[in-house]
Structure formats: C-alpha cells, structure tokens
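Q: Dumping the structure here so I can ask a few things about it.
The values are calculated or read from the model by the stated rules, or taken from the named source; none is laboratory data. These figures come from a predicted structure and were not determined experimentally. Please note: Cβ atoms are built from the backbone with ideal geometry, for glycine as well, and neighbour counts cover all protein chains shown.
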Amino acid sequence: MIQVINRALDVLEYISIEPDQPKPLSVIASHFNLNAGTCANIIKTLVTRKYIEKVEKKGYCLGSQAYVLTGNEGYHKDLVKAAQKEMEALTSIYDENSLLSILVKDVRVAIVRVTGTNNIQVVTSKEKRVYDTASGRLLIAMLPEAELTVFITKYGLPKKEEWAEVKNEKSLRESLSLIKAQGYAKQVTAGNIVGFAVPVYSGERVLASLCLYMPEYRFHLAEEQKIVDDLLTTAEKIKKNLVGK
C-alpha cells in the first residue's frame with residue numbers, strides 16, 4: 001500500500017465525519033500523529049483537487065469534489081435555500097432569467113434557475129463549459145493563482161467559438177484579471193444573448209456565481225451598471241442568508 005495515498009484517504013475520511021465542521025491543521029495532524037509539514041502537504045493537494053476546502057481562520061471542511069464524486073447534494077443545499085427568494089426578487093425587477101452556478105471541473109453547473117415571464121425566454125443548459133459562459137468565466141477568474149494555473153494546465157485554453165477574443169494563455173490571463181479586478185463578468189454570445197455574472201462569497205471563499213441574462217434586443221447599455229449593482233446587492237444578501245442559516 002502506498003503510504004501517502006493511505007494518509008490522504010485517512011484525512012479525507014476524518015474530515016467527512018463532520019463535513020461542515022472546519023478542522024484546524026494542528027488537530028488533523030495530531031489526530032493521525034503526523035508531522036505538521038507532511039500533513040500540510042497532503043492537505044494542500046486535497047485542497048487543490050477540491051476534495052477539501054479551507055475556511056479562513058477556522059480550518060478545513062469537505063469540498064465540492066467530494067460531494068460530486070458521491071452524487072451527494074448536501075454541498076449546495078444551504079446555498080440553494082439562501083439564494084432562492086433573493087433570486088426571485090432579482091428576476092422580478094427585470095423580468096429576466098437568473099442563474100446560480102458552481103464550478104465542477106471545467107464546467108459551470110447551474111443549481112438554481114429562476115425564469116422571467118417574458119414570452120421570449122433565453123434557454124441555457126444546466127451544464128456548460130466555463131469558457132463559454134459569463135458565470136464560468138467569473139468562477140475561474142476568482143480562483144487563487146495556483147489553482148488557476150492548475151486549471152489551465154489541465155483543461156487547456158478556450159476554443160475560438162467559446163471565447164473568440166482569447167488567442168493564447170497571455171490573453172486568457174489578461175481577460176480573467178480584468179474580470180477579477182472589476183468584480184463581474186459580461187458576455188455577449190454569437191446568439192445575441194447578454195449575460196452578467198458576479199461572485200457569491202462565504203467569508204473569503206467564492207462559492208458560486210450569480211448571473212442575469214437576456215436577449216440582446218432587450219438589453220440597454222445605460223442599464224449595465226444598474227444590473228451589476230443589483231446583482232452585487234443580491235449576492236450580498238445570499239451571503240448574509242448563508243451566515244444566518
């Protein structure tokens with residue numbers, strides 16, 4: 001048996017006993033009588049692969065990939081509950097569709113969808129490559145630098161039809177840096193759909209992206225800042241709901 005794999009699985013199983021209760025590095029290392037440096041390296045790998053997540057100043061809890069692997073919906077049930085009513089209120093302002101999405105590998109996965117009442121509605125799939133959506137671009141733009149490098153190495157660059165403005169890794173990183181700096185992503189698709197996405201935080205972590213999208217003919221440039229402001233306000237309300245759950 002390969003010892004380091006065995007230890008990594010031990011750590012993962014230990015954290016999964018109380019998946020929402022963060023455990024400090026010192027507690028994990030002590031539980032297994034591991035050297036702190038060895039334990040830190042194991043945890044760093046599990047965090048990079050999203051099997052566990054770091055909760056600022058508290059420790060480590062079970063991550064999204066662990067739930068994806070088992071098909072367990074528990075990871076985002078609290079997020080869905082916190083977001084539903086706030087998204088309904090947002091959609092009622094514009095009568096346009098809103099979407100809450102998470103990042104799974106190189107795909108943005110919609111976990112909440114609220115539909116407007118306009119006769120002509122934009123239909124988007126539950127799962128879509130991150131490069132081809134405002135939500136997905138926002139989610140990878142908010143990744144820590146080390147995780148972004150791993151992502152690009154593993155999944156490559158966008159295809160021309162996914163993100164025509166991106167020609168190489170340099171232009172990809174520049175585009176993502178701009179999204180991160182301005183705090184939101186905007187996409188106008190070849191099918192004349194306009195989408196805006198902002199991050200939803202839990203503490204310092206980005207849990208999801210909140211998006212509002214509409215046919216281009218119903219979008220007015222003068223409304224862009226108001227749309228972004230309303231999205232950010234809604235995302236902040238979702239964050240507060242999560243804290244108060």
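Q: Taking segment 141-152 as the search range and keeping residues that are in a helix (DSSP H, G or I) and of a type outside the set (Asp, Glu), which one is surrounded by the most Cβ atoms within 10 Å (Cβ to Cβ)? Before you say what the answer is, go through the steps one by one.
A: Going through segment 141-152, the residues in a helix (DSSP H, G or I) turn out to be 141, 145-152.
Checking which are of a type outside the set (Asp, Glu) leaves us with 141, 146, 148-152.
Details: 141: 25, 146: 11, 148: 18, 149: 13, 150: 14, 151: 18, 152: 16.
Going through the qualifying residues, I end up with 141.
Q: Something else now. Filter segment 197-207 down to residues that are at pLDDT below 95 and in a strand (DSSP E or B) and give me whichever is nearest to residue 113 (Cα to Cα). Can you show your working first?
A: The initial filter retains those residues of segment 197-207 that are at pLDDT below 95, namely 201-207.
In the following step, the residues that additionally are in a strand (DSSP E or B) were identified as 201-202, 205-207.
Numbers: 201: 18, 202: 20, 205: 22, 206: 19, 207: 16 Å.
Looking at the filtered set, the residue picked out is 207.
Q: Any idea which of 50, 57 is surrounded by 14 or more Cβ atoms within 10 Å (Cβ to Cβ), basic (Lys, Arg) and not assigned by TED's automatic domain parsing to the domain that holds residue 195?
A: On the way: 57 fails: surrounded by 14 or more Cβ atoms within 10 Å (Cβ to Cβ).
Criteria check complete, one pass: 50.
Q: So in segment 214-225, with the set limited to residues that are surrounded by fewer than 14 Cβ atoms within 10 Å (Cβ to Cβ) and more than 16 Å from residue 97 (Cβ to Cβ), which one is nearest to the chain's Cα centre (by Cα)?
A: The qualifying residue nearest to the chain's Cα centre (by Cα) is 225.
Q: Still on this model: Read through the list (1) in contact with a helix residue (DSSP H, G or I) (Cβ under 7 Å, 6 or more places away or on another chain); (2) at pLDDT 85 or above; (3) among the hydroxyl-bearing types (Ser, Thr, Tyr), then give the number of the only condition that residue 30 fails.
A: Failed condition: (1).
Q: Output the residue which, of all residues in segment 1-57 that are of a type in the set (Ser, Thr, Tyr) and assigned to a helix (DSSP H, G or I), is nearest to residue 146 (Cα to Cα).
A: Going through the qualifying residues, I end up with 48.
Q: Scanning segment 61-78 for residues that are loosely packed, with under 15 Cβ neighbours inside 10 Å and part of a helix (DSSP H, G or I), which turns out modelled with the lowest pLDDT?
A: Among those that are loosely packed, with under 15 Cβ neighbours inside 10 Å and part of a helix (DSSP H, G or I), it is 74.
Q: Follow-up. Need the failing condition index for residue 190 against (1) part of a loop (DSSP other than H, G, I, E, B); (2) modelled with pLDDT of 95 or more; (3) among the small types (Gly, Ala, Ser), just the number.
A: (2)
Q: Restricting attention to segment 123-140, and to residues there that are of a type in the set (A, V, I, L, M, F, W, C) and within 21 Å of residue 216 (Cα to Cα), which single residue is surrounded by the most Cβ atoms within 10 Å (Cβ to Cβ)?
A: Residues of segment 123-140 that are of a type in the set (A, V, I, L, M, F, W, C), as a first pass: 123, 130, 134, 138-140.
Imposing the further condition that a residue be within 21 Å of residue 216 (Cα to Cα) reduces the set to 123, 130, 134, 138.
Values: 123: 7, 130: 26, 134: 27, 138: 32.
Selected residue: 138.
Q: Just for segment 15-27: of the residues that are under 22 Å from the mean Cα position of the chain (by Cα) and closer than 10 Å to residue 59 by Cα, which one is modelled with the lowest pLDDT? It would help to see each step written out before you state the result.
A: Step one: of segment 15-27, the residues under 22 Å from the mean Cα position of the chain (by Cα) are 15-16, 19-22.
When the remaining residues are screened for being closer than 10 Å to residue 59 by Cα, the result is 21-22.
On the way: 21: 80, 22: 87.
If we take residues in segment 15-27 being under 22 Å from the mean Cα position of the chain (by Cα) and closer than 10 Å to residue 59 by Cα, then 21 is modelled with the lowest pLDDT.
Q: Okay, next question. Within segment 111-131, how many residues turn out to be small (Gly, Ala, Ser) and farther than 22 Å from residue 89 by Cβ? Even if it seems obvious, please write down each step before you answer.
A: Our first condition is that a residue be small (Gly, Ala, Ser); within segment 111-131, this holds for 116, 125.
Still in the list and also farther than 22 Å from residue 89 by Cβ: 125.
Qualifying residue count for the region: 1.
Q: Pick out the one residue from 166, 228 that is outside any helix (DSSP H, G or I), modelled with pLDDT of 95 or more and either outside the structural domain of residue 63 (by TED's automatic domain parsing) or exposed (fewer than 12 other Cβ atoms within 10 Å of the Cβ) (or both).
A: Details: 228 fails: outside any helix (DSSP H, G or I).
Selected residue: 166, the only one of 166, 228 that is outside any helix (DSSP H, G or I), modelled with pLDDT of 95 or more and either outside the structural domain of residue 63 (by TED's automatic domain parsing) or exposed (fewer than 12 other Cβ atoms within 10 Å of the Cβ) (or both).
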